[in-house]
Amino acid sequence: MRADGREPIREASRLLAGRRNAVALTGAGISVESGIPSFRGSQGMWAKYDPMEYATLHSFMQSPRKVWNMLSEMVSVCGFAVPNAAHKGLATLEAMGVVRAVITQNVDGLHQAAGSRRVIEYHGNLDELVCVNCWKRFPTRDRWTPGDVPRCDCGEILKPNVVLFGEPIPWLAQEQAEEEARTCGVLVVIGTSAQVSPACDIPRIAKESGAAVVEINPEETSLSGNVADLHLWGSASEVIGRIIERLKEADDVTPGH
Ligand code: NAD
Ligand code: ZN
């Protein structure tokens, strides 16, 4: 359903209120309004850095200094970023008992900063560095300085504890995400182009398990018109804000709710 008027917001709100066990799946697009560029699109980081050159485990191991140039930019940008109204809106929906978990592909920590409590970090987090030799972990702020390749006490290179292309998803995050997808009533997919595998399987798993899939994105994606039952066109902050307004109005007119 193409959805850009008032009705689709009402329809999404009705689904969310009715089932009360929604899960959100978020991607880089939800953090664009916090000043963190997404990877795809004309403003995306990939316009500057070719992913196959910069974001694979192989390229990291081959040329860590070069890859750290890109990573340093992300660590700096994410370090200054603060949650926007969309992150805060999801935390509000959790507090209202509407959303029970957020599965995020993002590595910026902004859902937790906004107050979301159950956050499944599918691709890890930039807050932590891990040694490629002895697996020792360090808070990024303790070891990283701009322009340097951070090193472990054992002398080896530290890698941000994020999933690069060619690395597996942390098993617990993958288990939890798939369990949430299999058992949710509504999956709200926000700001992801759904092109990165295996995260892009989560909407399909939810759909095949009987959930309604609601997409929030200002652009068309591979989910639009097929896996997504409803596409709410617009920025994450604007659409989530309108859903919350609508749910609150509905609560006002539903006695004892
Ligand atoms: P993507 O870059 O492939 O796609 C971003 C999507 O967000 C696009 O479909 C775009 O139309 C949409 N979008 C742009 N502005 C939006 C807005 N204001 N509101 C809602 N949607 C908006 O992102 P992806 O699918 O998440 O894949 C990129 C991968 O790179 C992720 O897996 C993630 O791990 C990583 N990444 C993370 C961050 C971060 O942590 N903030 C930033 C860049 C990339
Ligand atoms: Zn080490």
> Among the residues of region 16-37 satisfying the criterion of being under 15 Å from the mean Cα position of the chain (by Cα) and not in a helix (DSSP H, G or I), which is surrounded by the fewest Cβ atoms within 10 Å (Cβ to Cβ)?
Replying inline: G35
>> Can you tell me which condition R141 does not meet? The list is (1) surrounded by 15 or more Cβ atoms within 10 Å (Cβ to Cβ); (2) over 30 Å from E220 (Cβ atoms); (3) among the basic types (K, R), and all the others hold.
In response: (1)
>> Looking only at region 227-250, filter to residues that are of a type in the set (A, V, I, L, M) and part of a loop (DSSP other than H, G, I, E, B); which one of those is surrounded by the most Cβ atoms within 10 Å (Cβ to Cβ)?
In response: A228
> What tally of residues in region 224-253 results from selecting those that are within 15 Å of ligand 1 (Cβ to nearest atom) and either within 22 Å of Q176 (Cα to Cα) or acidic (D, E) (or both)?
Replying inline: 3
>> I need the full set of residues from region 162-176 which are part of a loop (DSSP other than H, G, I, E, B), more than 8 Å from L57 (Cβ to Cβ) and either touching a Phe, Trp or Tyr at 6+ places or on another chain (Cβ under 9 Å) or touching a residue at least 40 places away in the same chain (Cβ under 8 Å) (or both), in order please.
In response: V163, I169, P170
>> Just to confirm my filter: which helices (runs of 4 or more DSSP H) fall fully inside region 57-161 and include at least 1 residues that are of a type in the set (S, T, Y) and under 18 Å from the mean Cα position of the chain (by Cα)?
In response: 85-95
> What residue, among those in region 154-188 that are of a type in the set (G, A, S) and within 20 Å of G210 (Cβ to Cβ), is surrounded by the fewest Cβ atoms within 10 Å (Cβ to Cβ)?
Replying inline: G185
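Values quoted throughout were computed directly from the atomic coordinates according to the rules given, and no laboratory measurement underlies them. All figures in this text were calculated on a predicted structure; none of them were measured in a lab. Methodologically, a virtual Cβ is constructed for each residue, glycine included, from the backbone with ideal geometry; neighbour enumeration extends over all protein chains shown.
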